Amino acid sequence: MGGFFWTNGLFFAYITIIMEAQEIRKRFLTYFKNHGHAIVPSSSLIPDDPSVLLTTAGMQQFKPYYLPAGRHGTGKADAMKDFGSLNTVSVQKSFRTSDIEEVGDERHLTFFEMLGNFSFGGYFKKEAITYAHEFLTKELGLEISYVTIFEGKESIGVPKDEESRSIWQSLGVADIREEGMGDVFWGPTGSGGPCGPTTEIYCKNGAGQDIEVWNIVFNEFLFPGSREELNSGSSGKQLEKLLTPGVDTGMGFERLTMVIQKTQTIFETDLFYSLLQLLPNNLDTIKRRVFADHARAITFLITDGVRPSNKEAGYILRRLMRRSMAYEKTDNLPEHILQTVVDEIICIYGDFYPELQVQATTIKDTVAGEREKFSKTLEHGIRETYKFSEINASTAFNLYQSFGISLDVIKDVAGEKAKNVTNEAFEAELKKHQEISRAGQTAKFGGHGLILDTGELKAGTKEEVKIVTRLHTATHLLQAALRKVLGTEVHQMGSDITPERTRFDFSFSRKVTPDELKQVEEIVNEAIQSDYVVEAKKMPYEEAIKTNALYFFKEKYPKEVNVYSVFDPNTHEVFSREFCGGPHVTHTGEIGVFKILKEESSSAGVRRIRAIVTL
Ligand code: SER
């Protein structure tokens, strides 16, 4: 960027060097590394915490490090052991469904990156604020417009944050504003966890607007319930003081880039520039932004193992994909423009997130697969939508059911006529429908004379119950072994056990090689020969998720869950731990010999293994 101006009759030309987004990431990581932080890679968009649909913040992967002993399996997660430092820094892939409706304005996105530094007992307010101040003003040369601090809330026993105020004052920041729970109190996420007051930093963008760029959270407390329970105060649950208070900070990368590059919206930064260039000039501005946002989200969600479906994260992905694909039709975009934009995203983000390159084919196949499913009904659905003079939640749901067009598409097409349909009303219809079909499922299996039918396990006689029970424990060993050999990308996507075999579906991006299958088989058989103990523990869901047990992320779990552990009785080392309803053998030695029969593709990014056990 550059320009020229006249002064005192002299002509000056100047060139300002714009800091590229890539460089900003680098500077952030380097600054904190130089200040004693361990660089930790972004965790997946699919979080380990099953009470949260998608990763919404950098702190999520670090939740266990804030918790006191006893709240996380056998003891406090040890940052020193895991990272070699009590302080970490990351650039985290994040996704906020709460912002879907806002996408298209100057600064809201679904998928975004979050820069964050974290401390688990290493430092607290003084250092956290001083680092943020130095990084913004010295490293990046930005000016801080103002900061906020927590005004205090008596009913939850948290006083005004005077300490942060005086730290800011000592750094020369004069404009300090007080805000309440809604703005400057973070967490807890999901069904409970660390939380505390925050202080936020605002800087100006190119349009002179004050933009919140950095949120610094002081995790002083633990709340054993949800954010809603904390806000309402009616659950009877209390904030507990954490013995070692922690720091969690989050800086929206796209917003920071807008502030540094002095653009008026995030879409004019170099993070979006080349994507928008690919879209026709005459496409409506909002739609251009939505398209670019959704294409990024689609690329990153698929890479982390989400597949389009009618439930949970899969449903969100489907919504984003179908809205983008509908634009291709309603606005006559070049065919397959979505794939072209996705390719560009892989190109510009692939250096920092190499997993995008690894998954490029899977992304392409998943987009193509969804397009094929949707294209059959899309045009028909759009025509039908035009026919209505008014659309309510139930009409919208029927359109979705019949033609697969999501609410956003209906709203885009119907405009004013659908303006009263809220997301909540639409989702209530969706839920009603899912409950009806679940009831139908149970009835269907009812009359089949099965004496065991857990949905996953089916057996008609007592003998068969014994076989499927052995196969079931073997399936847990299989998942653990797959993760040991192929990595934690492996997650259960489905499982079906009959007396003949177990069939296990899991997320993985490529074919498993014969060598790897052999290793997996050997690890399972070693676990069987070691005759490990299989033990079930019933515990509240909140406790269970802290034990690091694996869970089937598509499932909704009850308040009390069973966690099955397979462990070495001598060393107590855990081989496998999963949320599970059973039944299982009591010792792995009962299983017999485990053999993998076949490995194949089940759907895009999902592999399927069939295996048997013999005595
Ligand atoms: N967890 C806080 C946020 O997401 C700070 O990282 O804003």
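The values are calculated or read from the model by the stated rules, or taken from the named source; none is laboratory data. Computed from a prediction, not measured in an experiment: that's the story for all the values here. Counting neighbours? That spans all protein chains shown, and the Cβs are built from the backbone with ideal geometry, glycine included. Surface areas here come from the heavy atoms of the whole protein model, side chains and all, with no ligands, DNA or RNA. Shrake-Rupley method; radii C 1.70, N 1.55, O 1.52, S 1.80 Å.
Quick notes on this structure:
- Residues whose amide H falls under 5 Å from that of T461, counting only those 5 or more places apart or on a different chain, are I451, with hydrogens built in the peptide plane.
- Of the residues Q264, L136, F221, the one whose Cα sits farthest toward the positive end of the charge dipole of the chain, with +1 on the Cβ of Lys and Arg and -1 on the Cβ of Asp and Glu, is F221.
- Given K458/K559; K287/K376; K125/K160; K511/K595; K153/K241, the pairs whose alpha carbons are separated by over 20 Å: K458/K559; K287/K376
- Degrees, to the nearest 10: 423-446 long Cα axis against longest axis of the chain: 10
- If the segment from K26 to T137 were pulled out straight at 0.36 nm per residue, it would be longer than the present Cα-Cα gap by 38.3 nm.
- Selection from T88, G192, T547 lying farthest towards where the dipole of the chain points positive, charges on Cβ: T547
- 3J(HN,Hα) from dihedral phi, the stretch 22-31, Karplus parametrisation 6.51/-1.76/1.60, rounded to Hz, x for glycine, proline: 3, 5, 5, 4, 4, 4, 4, 4, 5, 4
- The calculated FRET efficiency for the pair K237 and K204, based on their C-beta separation and a Förster distance of 35 Å, comes to about 0.30.
- Phi angles of the stretch 291-303 translate, via the Karplus equation with coefficients 6.51, -1.76, 1.60 and θ = phi - 60°, into HN-Hα couplings of 4, 5, 4, 5, 4, 5, 4, 4, 4, 6, 5, 5, 4 Hz per residue; Gly and Pro are given as x.
- Here the accessible area of the chain is 50 percent carbon and sulfur, with a 1.4 angstrom probe and all protein chains present.
- Each label point was placed 7 Å from the Cα along the Cα-to-Cβ direction; for K511 and K153 their separation is 5.6 nm.
- This model, with +1 at the C-beta of Lys and Arg and -1 at the C-beta of Asp and Glu, gives the chain a dipole about its Cα centre of some 1200 debye.
- Cleavage-rule hits (GluC sites (Glu not before Pro)) in the stretch 347-421: DSSP loop, at most 14 neighbouring Cβ within 10 angstrom: E390
- Heavy-atom SASA rank of H472, H587 (probe 1.4 Å, accessible area, largest first): H587, H472
- Derived scalar couplings ³J(HN,Hα) [the stretch 183-192; Karplus, 6.51 cos²θ - 1.76 cosθ + 1.60; whole Hz; x for Gly, Pro]: 9, 10, 9, 9, x, x, 8, x, 8, x
- Distance between the C-alpha centres of the stretch 455-480 and the stretch 255-334: 44 Å, rounded to the whole angstrom.
- Separation between Cα centres of the stretch 376-409 and the stretch 73-127, rounded to whole Å: 38
- Total charge dipole magnitude, the stretch 87-134, about the Cα centre, Cβ charges on Lys, Arg, Asp, Glu only, Debye to nearest 20: 320
- Long-range HN-HN contacts of S530 with modeled amide H, under 5 Å: none
- Simple spin-label estimate for S394 and K598 in nanometres, 7 Å along Cα-Cβ: 4.6
- Taking amide H as placed 1.01 Å from N in the peptide plane, the amide H of W214 sits under 5 Å from that of I201, each at least 5 places away or on another chain.
- By a 1.4 Å probe calculation restricted to protein chains, I451 has an accessible surface near 100 Å², given to the nearest 10.
- Farthest toward positive dipole pole in the chain [+1 Lys/Arg, -1 Asp/Glu at C-beta], among G36, L242, Q209: L242
- Computed on the stretch 140-290, with alpha-carbon pairs under 8 angstrom and 6+ residues apart, the relative contact order is 19 percent.
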